[in-house]
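Novice: Have a look at the structure that comes next, please.
None of the figures in this text is laboratory data; all of them are computed from the coordinates on show. Just so it is clear, the structure is predicted and the values come from calculations on it, not from any experiment. No Cβ is skipped: glycine too gets one built from the backbone with ideal geometry, and neighbour counts run over all protein chains shown.
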Amino acid sequence: MRTTCASHILHNFTSPYNATVIDRLEKAGYVHPGMTNMDEFAMGSSTENSFYQVTRNPWDTGRVPGGSSGGSTAAVAADECIAALGSDTGGSIRQPAALCGVVGLKPTYGRVSRYGLIAFASSLDQIGPITKDVTDCAILLKAISGHDPKDSTSVGLPVPDYTKVLGRDIKGLRLGIPREYFISGIDPSVESCVKEAVRALEGLGARTVEISLPHTEYAIAAYYIIATAEASSNLARYDGVKYGYRTKDADDLIGMYMKTRDEGFGPEVKRRIMLGTYVLSAGYYDAYYRKAQQVRTLIKGDFERAFQEVDAIVTPTSPTPAFRVGERTADPLQMYLSDIFTISVNLAGIPGLSIPCGFTGDGLPVGLQILGRDFDEERILQIAYAYEQATEWRKRRPEIGVRS
């Protein structure tokens with residue numbers, strides 16, 4: 001099929017083979033209804049960076065669906081499909097799932113094959129399910145998981161039947177509540193919904209424990225060094241020579257490279273390529289990239305220590321509900337802060353799930369994030385299902401239309 005990553009540079013590119021996840025779904029009887037929109041090369045938090053168009057939130061079409069997998073989450077929320085796939089590099093499944101009121105899961109790094117996934121940041125990217133409820137999420141996760149000899153980062157662990165844990169009670173489970181995730185600047189309605197969800201989990205028998213993830217404040221800085229460095233390397237292949245868009249106006253080979261990339265990439269992709277090239281350049285590698293990798297190790301260590309005390313961690317997914325189209329496009333830093341609660345999970349490689357946990361006074365969905373140990377997707381699905389069945393949020397559907 002035509003596979004573009006919502007980029008002009010791949011405007012007429014047709015993929016010569018399927019990703020492993022698609023082959024596995026087709027074996028399970030999957031029928032492919034079509035491709036969804038996204039932020040170009042998965043770089044964004046609002047699905048406004050697409051070469052093709054802006055995707056809008058079904059709950060309020062004046063607002064964004066989140067990103068970068070906003071097309072997938074909007075399609076599921078709007079009942080255009082039963083389920084969808086997304087890729088999650090720094091929150092690109094979970095953040096739009098929260099903003100669109102659906103379930104989105106980022107598996108443990110290595111649980112799902114990345115073969116055939118067009119790379120953004122290879123040490124962070126992971127494919128995962130986006131569904132209407134937790135049961136569908138468990139079914140879809142099992143279908144796409146497992147070792148793949150074509151992907152050297154996929155892990156050869158058995159894949160459980162995730163549906164078997166659904167319905168088990170959560171009495172006695174210890175849930176960590178990290179103080180660093182309830183910060184100034186979080187939308188009051190988001191904080192209220194998440195705290196109410198925590199009380200509901202306590203009502204189901206779970207025990208909550210305040211924990212600390214002390215290096216959380218460095219996550220965004222580390223992420224936007226590591227991710228942009230890997231993007232700079234991965235996107236070097238788009239040069240107009242082998243495939244994809246090529247400029248029609250160039251005098252020589254170097255000029256063709258430069259004009260092709262200038263015309264083919266959008267502003268956000270160019271910004272990240274330049275940032276990544278800078279942090280990898282001579283004289284800056286140790287100061288930026290190496291230091292960011294050291295911080296990544298510290299963040300991973302925070303989670304490992306926390307999971308010695310608790311069975312899972314519960315946080316908000318996004319600090320705000322869906323924001324208005326165009327509201328943050330002129331301020332990249334404000335846009336990057338949309339993923340402040342999701343980025344650490346990718347740096348650590350652990351699994352995370354977002355589930356609807358309420359609505360703001362304006363009727364916008366709020367997401368609860370549940371994090372687990374490496375390859376313990378069963379636990380977070382068990383907790384999410386218990387919460388889902390104890391509440392009514394899954395039954396609400398958007399009335400599609402433009403609000404005043």
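Novice: Look at the range 70-83 and say how many of its residues are farther than 18 Å from PRO319 by Cα, of a type in the set (Gly, Ala, Ser) and surrounded by 24 or more Cβ atoms within 10 Å (Cβ to Cβ).
Specialist: 5
Novice: Related question: Among all residue pairs at least 6 apart or on different chains, which show Cβ distances below 7 Å where the first residue, located in the range 157-184, is more than 28 Å from THR320 (Cβ to Cβ) and touching a residue at least 40 places away in the same chain (Cβ under 8 Å) and the second is surrounded by 18 or more Cβ atoms within 10 Å (Cβ to Cβ) and of a type in the set (Phe, Trp, Tyr)?
Specialist: From residues that are more than 28 Å from THR320 (Cβ to Cβ) and touching a residue at least 40 places away in the same chain (Cβ under 8 Å), the pairs are LEU157/PHE375; LEU166/TYR385; GLY167/TYR385.
Novice: Now for a different question. It is to be established whether one or more residues within the range 182-205 are over 23 Å from THR360 (Cβ atoms) and either part of a helix (DSSP H, G or I) or among the basic types (Lys, Arg) (or both).
Specialist: The initial filter retains those residues of the range 182-205 that are over 23 Å from THR360 (Cβ atoms), namely 204-205.
Now narrow it down to the ones that are either part of a helix (DSSP H, G or I) or among the basic types (Lys, Arg) (or both): none.
Looking through the range 182-205, none of the residues is over 23 Å from THR360 (Cβ atoms) and either part of a helix (DSSP H, G or I) or among the basic types (Lys, Arg) (or both).
Novice: Can you pull out every residue in the range 85-112 that is surrounded by fewer than 24 Cβ atoms within 10 Å (Cβ to Cβ) and over 13 Å from the mean Cα position of the chain (by Cα)?
Specialist: Listed by number, the list holds a single entry, GLY110.
Novice: Here is a follow-up. How many residues are under 17 Å from the mean Cα position of the chain (by Cα) and part of a loop (DSSP other than H, G, I, E, B) when one looks only at the range 36-64?
Specialist: Result for the range 36-64: 14.
Novice: Go through the range 205-249 and report how many residues are under 30 Å from GLY172 (Cα atoms), touching a Lys or Arg at 6+ places or on another chain (Cβ under 7 Å) and hydrophobic (A, V, I, L, M, F, W, C).
Specialist: 1
Novice: Picking from GLY146, GLY128, GLY116, which residue would you name as being surrounded by 24 or more Cβ atoms within 10 Å (Cβ to Cβ) and either touching an Asp or Glu at 6+ places or on another chain (Cβ under 7 Å) or touching a residue at least 40 places away in the same chain (Cβ under 8 Å) (or both)?
Specialist: Only one candidate qualifies: GLY128.
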